[in-house]
Structure formats: C-alpha cells, structure tokens
Amino acid sequence: MKSPAPIASLRSLSAFVALFLMSFSPVDAGESYEILTLGDSITGFNKYQQTLKALLEKKGANFKMVGALGTAPDLHQGVSGIGINGIEGSIIKTLDDAFGSRPPAAGTRHVVMLQAGVNNMNHGLGIQGAQAEGYPRDAEGRAIAPQLAAAVDGSFLNGLGTSFGAPTYGTEYLRVTVANLVDKIAAHPSEPLLVMAKIPPVGRGNKHFNANTENCNERIKEFNLILTEKIASMRADGKKVVLVDNFTAVNRDYGTSPPSDFGTESEQGGENVADGKTSENNGDWVHPRNNAPLWEMMGRHFFEGLMQLTEMR
C-alpha cells in the first residue's frame with residue numbers, strides 16, 4: 001500500500017500557496033472604497049493623500065476620495081484652523097454630504113480618515129492683535145511661539161484651559177468632545193470604518209522660545225492619550241475603528257540632515273530675535289515643510305490602518 005505522505009504534502013503545499021497568493025491579492029477585489037480624509041489644514045494641503053492613493057493603487061484597490069473641498073479626484077474635508085470641536089459640531093452633516101444617510105451599496109465600504117486637534121493645543125501660529133496677548137510677538141504683531149501655560153493637577157491641557165477660564169479643558173472638555181465625535185462617526189447610518197490618527201508634534205519653532213514649543217508638545221501628548229484610550233475602548237466593544245501613530249518618529253529639530261519635518265532654523269522661525277521685537281522670518285512650526293518625510297509617513301500609516309480594518313470582518 002502506498003504511503004499517503006505525498007498527498008498530505010501536496011495538501012500542505014496547496015495551503016501554503018493559497019496563503020501566499022492571498023497575501024498579495026488585491027484589497028477586497030471587486031469592492032469599492034469611498035474615503036473621506038477629515039481634519040484641519042494638514043489634511044487640507046492634500047499631500048499625505050497622494051501617498052495613500054499610490055499605496056491603494058499598488059494594492060489594486062478600487063476607491064475614490066470624497067469631501068466638500070478640493071477638486072475631483074482629490075476631494076477632501078480638511079478645513080484650515082478647525083478644531084476637534086468644530087468637526088464634532090458638524091460631523092453629521094459632513095458624513096451625510098460625503099456618504100449619504102444610508103448604509104453603503106453592496107460592494108462599497110465607507111471610510112473616514114481623521115486627524116485633528118492641533119488647533120485646540122494653542123500652538124500660537126498666526127495669532128495676531130489682542131488674541132496674541134501673553135505671546136512673544138514679531139514686529140508685525142504675529143505670535144512666534146505657543147503660550148507657556150503651567151500644568152494644573154499634572155495636566156498641561158488643564159493648565160492651558162485655566163488661562164481662559166476652563167480648568168478642566170483636558171480632563172473633561174476635550175475628552176468628552178473626542179468621545180462625542182468618534183461615537184457619532186461609528187453610529188452614523190452610512191456605517192463608516194474609522195481610521196483615526198494621533199496628531200503630529202509641532203516643530204522646535206523660534207530657538208529662543210523652545211520651552212514654549214516643548215510645553216505645546218506636552219499638551220499634544222495628553223491629547224493623543226485621550227485618543228488612545230477612546231479608540232481602545234471602542235475596539236474592545238467590537239467597533240470598526242483603529243488608531244495610527246503620526247506622532248512618534250517625527251523629526252522636530254532644525255536642519256536637513258537628517259531631514260527635519262519642519263525645516264531649518266529659518267523655516268521654523270529660529271532666526272527671530274530673543275525678545276520678539278523684530279523678526280525677518282516668522283517661520284512655521286505647525287505645518288510640515290513641503291517635502292517633509294512626515295507627509296509620506298502619514299499617508300502610509302492611514303493606508304496601514306485601512307488594511308487593519310479590512311481584515312476585521
């Protein structure tokens with residue numbers, strides 16, 4: 001009697017080949033994705049989306065970008081200056097406009113990719129006139145660094161809130177706002193998948209006010225922890241959500257070697273005079289420079305998050 005070993009071996013080989021082919025197969029072949037990239041000006045630049053789209057195309061996915069801003073095929077919902085509260089207040093209309101108020105058609109998946117919150121961190125960029133009270137300013141009255149706010153009860157966000165009469169700004173207001181926003185997305189009748197991102201840090205900024213930008217980064221870390229806890233809770237409840245990390249591994253320092261995500265000292269406002277009275281360059285420590293590696297990283301992370309959600313059946 002012949003041994004069955006060759007048949008068993010053939011079955012094992014067939015299983016291996018099937019798994020191998022599956023790992024390289026298109027994402028949900030025949031299924032379409034409608035993707036809403038939602039956030040502030042960092043989303044509005046429509047830069048990380050180019051990496052996202054390239055990776056989706058390479059994977060063989062069928063998709064289109066949706067939103068009320070931009071020009072097809074590069075639509076998005078990135079609104080300059082908007083905070084997490086602004087997005088939360090209009091999220092139902094935003095989703096209705098992007099996807100409609102019904103479940104997706106057969107073979108279609110709705111996807112929200114959300115990154116927002118830096119405009120709730122009091123980063124200081126672009127603030128002028130009376131609003132710049134307490135900020136170091138350049139000759140034109142523009143703020144050149146985030147306001148330094150001491151921590152209250154161990155929270156830098158509460159310290160910031162205390163400066164404008166909201167001592168539980170981090171522990172209550174932002175926490176509740178984030179929860180309301182993502183809960184509304186998860187419960188929307190269009191049944192969207194949600195890829196949310198930890199927001200990136202700000203750069204070093206004016207070299208004479210680095211302590212202030214470090215303080216702003218502490219607020220960003222606290223905010224990202226709020227996101228982490230909320231998304232973990234939702235995943236434990238079986239929700240189709242995932243959090244990606246656009247904070248870690250960002251190069252905030254000055255220079256081009258290794259490439260900084262926020263540019264040289266001059267590009268970040270590092271040449272400003274220490275007392276803030278004169279300035280040749282206000283700089284930008286909030287938006288990544290045009291060819292920053294961070295743009296590619298964000299697009300790749302959103303793509304990887306979508307791949308995780310696709311596997312959650």
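Odds and ends about this structure:
- Packing rank of 226-234, 67-75, where each peptide gets the mean count of other beta carbons within 10 Å, highest leading: 226-234, 67-75
- Taking the average, over residues, of other Cβ atoms within 10 Å as the packing measure, peptides 286-298, 241-253 rank 286-298, 241-253 from highest down.
- The stretch 36-86 and the stretch 287-313: distance between their alpha carbon centers, rounded to Å: 11
- Average Cα contact separation per residue, the stretch 140-216, under 8 Å, 6 or more apart, as relative contact order %: 31
- For the residue pairs K58/K184; K198/K240; K58/K93; K53/K240; K59/K93, the alpha carbons lie more than 29 Å apart in K58/K184; K58/K93; K59/K93.
Here, each number is a calculation from the coordinates, and none is a lab measurement. Note that the structure is a prediction, hence the values are computed from the model and not measured. When we count neighbours, we look across all protein chains shown, and the Cβ atoms used for this are built from the backbone with ideal geometry, even at glycine.
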